[in-house]
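The values are calculated or read from the model by the stated rules, or taken from the named source; none is laboratory data. What you see is a predicted model; the values in this text were computed from it and never measured. All Cβ positions, even for glycine, are placed from backbone atoms using ideal geometry, and neighbour counts span all protein chains on display. Heads up: the accessible areas ignore ligands, DNA and RNA and are worked out on the full protein's heavy atoms, side chains in. Shrake-Rupley method; radii C 1.70, N 1.55, O 1.52, S 1.80 Å.
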Amino acid sequence: QAESLPYRVFDIGSGYQAWVGKGAHQNDKLTLHHARPFDIWLHARGSPGSHVVIRLKGRDDTPPPVVMERAAALAAWYSKQRGSSLVPVIHSPRKHVRKPKGAPPGSVRVLREETLLVAPNVWKPSSA
């Protein structure tokens, strides 16, 4: 069943998972069908790349800053800006991410966003 998921799953610590879209059509499925309205959505600003969703534990959950940074680093890594030293990554609750009518696959509009500046990286938990 994991083969059919439209996203990669990363354990980003503190009990959180980041879901990373595998392509434009899969980004749409991840963002519009798998993510819940209160989950956090992230994407590298101004360049093609994967949508990233932090799966929250509940509606009132707020992930710690280190979890946000790890998910943002994944969004930067899975974008065309991978080779940059620092990448601006926007984030917003999923409920503020909309698909404009007739927009191409993977294209969305974000109504309210904040930005993190991170180095591209793939978070891998250390083996304890």
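Computed over neighbours whose Cβ is under 13 Å from that of Phe38, the net charge equals +3, Lys and Arg +1, Asp and Glu -1. Taking every protein chain into account, the accessible area of the chain amounts to 56 square angstrom per residue (probe 1.4 Å).
For segment 94-110, backbone phi angles converted through the Karplus equation (6.51, -1.76, 1.60; θ = phi - 60°) give residue-by-residue couplings of 4, 5, 9, 10, 10, 9, x, 4, x, 6, x, x, x, 8, 9, 10, 10 Hz, Gly and Pro being listed as x. Taking the helices alone, the chain has a mean residue ellipticity at 222 nm of -4500 deg cm²/dmol, built from -39,500 (n - 2.57) per DSSP H run of at least 4 residues and averaged over all its residues.
For segment 60-120, GluC sites (Glu not before Pro) meeting the loop criterion (DSSP other than H, G, I, E, B) and having at most 16 other Cβ atoms within 10 Å: Glu113.
Fully extending the segment from Ala119 to Leu32 would add 28.6 nm, taking 0.36 nm per residue of separation and subtracting the current Cα-Cα distance.
Shown in residue order for segment 52-66 are the 3J(HN,Hα) couplings computed by the Karplus curve 6.51 cos²θ - 1.76 cosθ + 1.60 at θ = phi - 60°: 10, 10, 8, 7, 7, 6, x, 4, 9, 6, 10, x, x, x, 5 Hz (x for Gly and Pro). By its C-alpha gyration tensor, with a ≥ b ≥ c as the square roots of the eigenvalues, how is segment 31-116 shaped: rounded for a/c under 1.5, else prolate for a/b larger than b/c, else oblate? Oblate is the answer for segment 31-116, as a/c is 1.5 or above yet b/c matches or exceeds a/b. With every protein chain left in place, what is the accessible area of Ser14 in Å² (1.4 Å probe, nearest 10)? Here the residue's solvent-accessible area equals roughly 70 Å².
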